[in-house]
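J.: Before we start, here is the structure in question, set down as structure tokens.
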Amino acid sequence: MKNFTHINKNGKAKMVDVSEKTKSNRTAEAYAEVHVSTEVFKKIKMNEVVKGDVLTVAKLAGIQAAKKTYELIPLCHNIFISTIEVEFTLSEEDNLIKVFSFAKTNSVTGIEMEALTAASVAALTIYDMCKAIDKSIVISNIKLLSKTGGKSGDYKI
């Protein structure tokens, strides 16, 4: 069990003790896709969704979610977030909304979960704001694009 940092000597889940780790600058980028119908895509693009400005609300939801990641994911640490950004790219040829998030910290543990949470919740918010128009919206391809810093080093997809 020594190799598993999230398991105690009895084989039970535990939070990792990061008190001896050194702070370092860390970043993470995450991604999600939201596939919508032509009707939903046009309404989002023209800002005509009855619930309001879908992309602005989704951006704010993603930022807010990143700050609460430790409350949602049981073994995540509460870390200081230096910045969190959520951006969208609209792809009209396939009615696709690409969600990108970027998170940065100077901490003893990584910020990947915060970036992933931001992208995921932003995508879920798009669904929530548009489900009255069409419930067939598909959220997919949620993934970490890159991370920097920390003992495990850098990662890029």
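J.: As I understand it, the dipole of the range 19-103 uses +1 on the Cβ of Lys and Arg and -1 on the Cβ of Asp and Glu, about the Cα centre. Which of Val99, Gly52, Leu75 lies farthest toward its positive end?
T.: Ranked along the dipole, the leading option is Leu75.
J.: Sum up the charges of everything whose Cβ sits under 13 Å from the Cβ of Val18, counting Lys and Arg as +1 and Asp and Glu as -1, but leave Val18 out.
T.: The answer is +3.
J.: Find out how many positive minus negative residues lie around Ser107, taking Lys and Arg as positive, Asp and Glu as negative, among other residues whose Cβ is under 13 Å from that of Ser107.
T.: Surrounding charge for Ser107 is +4.
J.: Of the options Val40, Ile111, Gly11, report the single residue whose Cα projects farthest towards the positive end of the charge dipole of the chain (beta-carbon charges: Lys, Arg +1; Asp, Glu -1).
T.: Value computed over the given set: Gly11.
J.: Also, quick follow-up: How much mean residue ellipticity at 222 nm does the chain get from its helices, if each DSSP H run of length 4 or more adds -39500 (n - 2.57) and you divide by all residues, to the nearest 500 deg cm²/dmol?
T.: Taken over the chain, the calculation gives -8500 deg cm²/dmol.
J.: Here's another thing I want to ask about it. So I have (i) 17.7, 56; (ii) 18.5, 60; (iii) 18.7, 57, and one of them is Rg and Dmax of the Cα atoms in Å calculated from this model. Which one is it?
T.: (i)
J.: My understanding is that a pair violates if its Cα-Cα distance is over 25 Å; which of Lys21/Lys68; Lys104/Lys156; Lys14/Lys59 do that in this structure?
T.: Exceeds cut-off: Lys14/Lys59.
J.: Go through the range 1-85 and name the trypsin sites (Lys or Arg not before Pro) that are in a DSSP coil and have 15 or fewer other Cβ atoms within 10 Å of their Cβ.
T.: When the trypsin sites (Lys or Arg not before Pro) of the range 1-85 are filtered for loop state and at most 15 Cβ neighbours within 10 Å, Lys2, Lys9, Lys12, Lys14, Lys21, Lys23, Lys51, Lys68 remain.
J.: Relative contact order for the chain using alpha-carbon pairs under 8 Å, separation at least 6, rounded to a whole percent?
T.: 36 percent.
Laboratory data are not the source of any read-out in this text; all were calculated from the coordinates shown. Only a predicted model underlies this, so the values are computations on that prediction, with no experimental measurement involved. All Cβ positions, glycine included, derive from the backbone under ideal geometry; neighbour counts span all protein chains shown.
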